[in-house]
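The structure under discussion appears below in the form of structure tokens.
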Amino acid sequence: MSKETAVAEFKAKLRGELITPNDAAYETARQVYNAMIDRRPAMIAKCTDAADVITCVNFARDQKIRLAVRGGGHNAAGLGVCDGGLVIDLSLIRYTHVDAEAGTVRVGGGSLWGDVDHATHAFDLAVPTGIISTTGVGGLTLGGGLGHLTRKCGLTIDNLISADLVLADGSFVTASEWRHEDLFWAIRGGGGNFGIVTSFLFKAHRIHTDYAGPMLWEIDQAPEVMRWYRQFIADAPDDINGFFLFLVVPPGPPFPEHLHNKKMCGIVWCYTGPMDKAEETFKPIRGFLKPALDFVGPIPHPALQSMFDGLYPAGLQWYWKADFFNELSDEAIEQHMKYGPQLPTFQSSMHLYPINGAAARVGKDDTPWGYRDAMFAQVIVAVDPDPGKKDQLVSWARSYWEALHPHSAGGAYINFMMDEGEERVKATYRGNYARLARIKAKYDPDNLFSVNQNIRPEST
Ligand SMILES: Cc1cc2nc3c(=O)[nH]c(=O)nc-3n(C[C@H](O)[C@H](O)[C@H](O)COP(=O)(O)OP(=O)(O)OC[C@H]3O[C@@H](n4cnc5c(N)ncnc54)[C@H](O)[C@@H]3O)c2cc1C
């Protein structure tokens, strides 16, 4: 069969649209969130259901063409798109069904987290996720998932009950603690290496209103804040989450004018304990050093989840570097004070996410997410709309990372990595890598799913 005939047959089998470079929709369809990524796939299939995904997988495998899978398209390394080959775009498989009685939520494989926050909130429920609601459920979940509820509810993967997947041979399976247990283990942190998830089933938590928001201090007070924070967060009850950041205060409301464009440090808090205990809980926090800005108060959970969306629209230049840390040492703080105050642009930042509490009570080989004993996931984020600033962004993030890396635990959260090579991927999975490689060999021996933080199939 000629290539043209094979493509025509493939297109006829799809219920969704097949977009090629000659189509008007192509330029928009190939774009991902990070504008630094500029790739030109041969075809983009907008799948409407699992049947379309199966058709795509069979076509790509039989035609031996490169395959990329796009969930929310947020991956900074651009893992939702490839040059040449086929992109399986899941954005039409987007739904959230809440079973309030069971406390579970079924979510389509191409959904965004804002969809889930919106649907669950009506039932006083929430699923632990990241801090920007336009992020895809697919990529964030398969890589781990950390955010405002990590200390209380664990990572997103710790709340995954089951997933429906299309495998490399075109078969369709459900993975859970009881079915395809090895696959279920692997997808809780192993990324998109093992199959394409068309549907996730999550456990939800009874959360409606948080006592949350940012608290900011002068940037030269950062060493004092960091030293206080490292002790506080190590001992804090699970009900309190708070990530440390360096930031440039956005030049607009609700921020007071005298702080606009000012470089500061801060903690974004999220308290999910009893509301009548919130003020009392925050007394020592407010008491240790008076903040220059205190925006912490009662807020509906979806409002917190989308608080920073406006700051980070799609189409910006993104470059980031990450590491896990066992502690925030005085030596590390010294390096932070060299690079944090040099934030190169107003959207650039450094976040230090606590991963103790509930996330740390999962065993380090219970899922592939091996850094359960680390204290922080750190990410240095360089962002700007101007493509001309690319070199400046990359250079600041790399120098900052190089200065901090010797103080780190070794690997990095897979979802905060660029394309950094096999050794970095191995360092991240630590002792779990060999098991992942064996499961990869069983479910995807020819590495069809390779546009990801790749785990090479190895049967030994
Ligand atoms: C602004 C911003 C904020 C972020 N904040 C957080 C945060 O707070 N917490 C956090 O944990 N992470 C965060 N991240 C990182 C985020 O988790 C990753 O970028 C993640 O890969 C995004 O998932 P996606 O589906 O949007 O990405 P995509 O680019 O679509 O996909 C990323 C990878 O996942 C695979 N994939 C996606 N969906 C599926 C699926 N259904 N089945 C199989 N494979 C799939 C893709 O093939 C690809 O390899 C953030 C990212 C950005 C850009």
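Could you tell me how many of the residues in region 192-209 are part of a strand (DSSP E or B), more than 15 Å from the ligand (Cβ to nearest atom) and not hydroxyl-bearing (S, T, Y)?
Of all residues in region 192-209, those part of a strand (DSSP E or B) come to 196-203, 205-206, 209.
Next, from what is left, pick out any that are more than 15 Å from the ligand (Cβ to nearest atom): 203, 205-206, 209.
Add one more test, that the residue is not hydroxyl-bearing (S, T, Y), and what stays is 203, 205-206.
Final tally of qualifying residues: 3.
Could you grab the pairs with beta carbons closer than 7 Å, sequence gap of 6+ or different chains, first residue in region 168-191 and within 12 Å of T367 (Cβ to Cβ) and in a loop (DSSP other than H, G, I, E, B), second one open to solvent by less than 40 Å² (accessible area, probe 1.4 Å) and among the polar types (S, T, N, Q)?
What qualifies is R188/T367; G189/T367.
Only residues that are among the small types (G, A, S), part of a loop (DSSP other than H, G, I, E, B) and near the ligand (Cβ under 8 Å from one of its atoms): list them for region 113-139, please.
G130
Across region 151-162, which residue is nearest to V268 (Cα to Cα) among those that are among the polar types (S, T, N, Q) and assigned to a helix (DSSP H, G or I)?
This residue is T156.
Only residues that are small (G, A, S) and open to solvent by 60 Å² or more (accessible area, probe 1.4 Å): list them for region 374-414, please. Spell out the reasoning first.
At the first step, the residues of region 374-414 found to be small (G, A, S) are 374, 377, 382, 388, 395, 397, 399, 403, 408-412.
Correct list: G388, S395.
Determine if region 415-430 includes at least one residue that is open to solvent by less than 40 Å² (accessible area, probe 1.4 Å), farther than 30 Å from K338 by Cβ and either assigned to a helix (DSSP H, G or I) or in contact (Cβ under 8 Å) with a residue 40 or more places away in the chain (or both).
Checking region 415-430: at least one residue is open to solvent by less than 40 Å² (accessible area, probe 1.4 Å), farther than 30 Å from K338 by Cβ and either assigned to a helix (DSSP H, G or I) or in contact (Cβ under 8 Å) with a residue 40 or more places away in the chain (or both).
Restricting to strands (runs of 3 or more DSSP E) lying wholly in region 233-328: which have 3 or more residues that are under 28 Å from the mean Cα position of the chain (by Cα) and closer than 21 Å to G357 by Cβ?
240-248, 263-271, 317-325
Kindly list, by first and then second residue, each pair from a residue in region 100-113 that is in contact (Cβ under 8 Å) with a residue 12 or more places away in the chain and of a type in the set (A, V, I, L, M, F, W, C) to a residue that is away from the ligand (no atom under 16 Å from the Cβ) and open to solvent by 10 Å² or more (accessible area, probe 1.4 Å), limited to pairs with Cβ atoms under 6 Å and residues at least 6 apart or on different chains.
Here the result reads A100/F123; V105/V98; V105/A204, each pair linking region 100-113 to a residue that is away from the ligand (no atom under 16 Å from the Cβ) and open to solvent by 10 Å² or more (accessible area, probe 1.4 Å).
Exactly one condition in (1) more than 12 Å from the ligand (Cβ to nearest atom); (2) closer than 26 Å to A374 by Cβ is not met by E218; state its number.
Among (1) more than 12 Å from the ligand (Cβ to nearest atom); (2) closer than 26 Å to A374 by Cβ, E218 violates only (2).
Could we say that A403 is small (G, A, S), touching a residue at least 60 places away in the same chain (Cβ under 8 Å) and within 15 Å of the ligand (Cβ to nearest atom) here?
no
Scan region 446-460 residue by residue and report those that are of a type in the set (S, T, N, Q) and more than 12 Å from the ligand (Cβ to nearest atom).
Hits for region 446-460 are N447, S459, T460.
Applying the selection to region 71-83, what residues are closer than 19 Å to D23 by Cα and open to solvent by less than 50 Å² (accessible area, probe 1.4 Å)?
V81, C82
Let me confirm something: among L165, L142, which residue is within 27 Å of M418 (Cβ to Cβ), within 8 Å of the ligand (Cβ to nearest atom), outside any loop (DSSP other than H, G, I, E, B) and touching a helix residue (DSSP H, G or I) at 6+ places or on another chain (Cβ under 6 Å)?
Going through L165, L142 in turn, the sole match is L142.
Run down Y339, Y353 and say which single residue is of a type in the set (S, T, Y), closer than 28 Å to D309 by Cα and part of a helix (DSSP H, G or I).
None of the other options fit; the residue is Y339.
Among the numbered criteria (1) surrounded by fewer than 24 Cβ atoms within 10 Å (Cβ to Cβ); (2) touching a residue at least 12 places away in the same chain (Cβ under 8 Å); (3) over 25 Å from D419 (Cβ atoms), which single criterion is violated by A24?
The single condition A24 does not satisfy is (2).
Quick test for you: out of V53, V32, pick the one residue that is open to solvent by less than 30 Å² (accessible area, probe 1.4 Å) and over 30 Å from L393 (Cα atoms).
Result of the check over V53, V32: V53.
Which residues, counting only those in region 253-284, are open to solvent by less than 60 Å² (accessible area, probe 1.4 Å) and over 21 Å from M350 (Cα atoms)?
Those that are open to solvent by less than 60 Å² (accessible area, probe 1.4 Å) and over 21 Å from M350 (Cα atoms): P256, Y271, T272, G273, A278, T281, F282.
R372 versus (1) touching a residue at least 24 places away in the same chain (Cβ under 8 Å); (2) in a loop (DSSP other than H, G, I, E, B): which is the lone unmet condition?
(1)
Out of all the residues in region 56-69, which are under 24 Å from G145 (Cβ atoms) and either more than 10 Å from the ligand (Cβ to nearest atom) or open to solvent by 40 Å² or more (accessible area, probe 1.4 Å) (or both)?
V69
Only residues that are among the aromatic types (F, W, Y) and near the ligand (Cβ under 8 Å from one of its atoms): list them for region 75-112, please. Steps first, please.
Keep residues of region 75-112 that are among the aromatic types (F, W, Y), which gives 95.
Residues satisfying the conditions do not exist here.
The values are calculated or read from the model by the stated rules, or taken from the named source; none is laboratory data. Since the model is a prediction, treat every value here as computed from it, not as a measurement. Positions of Cβ are generated from backbone atoms using ideal geometry, with glycine treated the same way; all protein chains shown enter the neighbour counts. To get the accessible areas, we keep the full protein, side chains included, count just its heavy atoms, and leave off ligands, DNA and RNA. Shrake-Rupley method; radii C 1.70, N 1.55, O 1.52, S 1.80 Å.
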